[in-house]
Amino acid sequence: MKINIINGPNLNLLGKREPEIYGSETFVSFFERLSKLYPQLDLNYFQSNSEGAIIDKLHDIGFSSDGIILNAGAYSHTSLAIADAIKAIPSPVVEVHISNVFARESYRHHSWLSANCAGVIVGCGMEGYQLAIEFFRMRDQQG
Ligand code: DQA
């Protein structure tokens, strides 16, 4: 199974950025742990601070990936273009937010992406990415 994780703006700073909200582990270290947990998966990771690069990546992998895990950061709350890209591709996308956006500022409560995603995982910390992997594996096993 080919699974792709895409992280959006400012998520390259995980580990340093507001650790009281996002924790103290870097994504690179988390991704290493995740890859060891799932040696049987073709697990890939991409991060960009640029909206266009995220859209290009969705176009690139969205016809071959078995599951895309997308944390588009603040673009979730602003980007119709990323929402359209998700709708344009056949690969299922799960939207992940590390923090509980509903317990934060009201401008974080709405995501343009959610309606076009297979599911949404919010507020489960970094484990949210693993939960999304488990979701794709279960779907795969069910056929
Ligand atoms: C985030 C939540 C967004 O509101 C914020 O802009 C982020 C991270 C999260 O993972 O909790 O950059 O997507």
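The values are calculated or read from the model by the stated rules, or taken from the named source; none is laboratory data. This one's a predicted model, so the numbers in the text were calculated from it and none came from an experiment. Backbone-built Cβ (ideal geometry, glycine too); neighbour counts: all protein chains shown. Ligands, DNA and RNA are excluded from the accessible area calculation, which covers all protein heavy atoms including side chains. Shrake-Rupley method; radii C 1.70, N 1.55, O 1.52, S 1.80 Å.
Of all the criteria given as (1) more than 20 Å from I121 (Cα to Cα); (2) in contact with a His (Cβ under 8 Å, 6 or more places away or on another chain), the one not satisfied by K16 is (2).
Counting the residues of segment 31-74 that are aromatic (F, W, Y) and under 11 Å from the mean Cα position of the chain (by Cα) gives 2. Among the residues of segment 95-131, those identified as open to solvent by less than 70 Å² (accessible area, probe 1.4 Å) and assigned to a helix (DSSP H, G or I) are V101, R108, S114, N116, G128, Y129, Q130. Meeting the requirement of 2 or more residues that are in contact with a helix residue (DSSP H, G or I) (Cβ under 8 Å, 6 or more places away or on another chain) and open to solvent by 40 Å² or more (accessible area, probe 1.4 Å), the strands (runs of 3 or more DSSP E) wholly within segment 2-74 are 42-47.
The number of residues in segment 76-94 that are outside any loop (DSSP other than H, G, I, E, B) and either of a type in the set (S, T, N, Q) or open to solvent by 50 Å² or more (accessible area, probe 1.4 Å) (or both) comes to 5.
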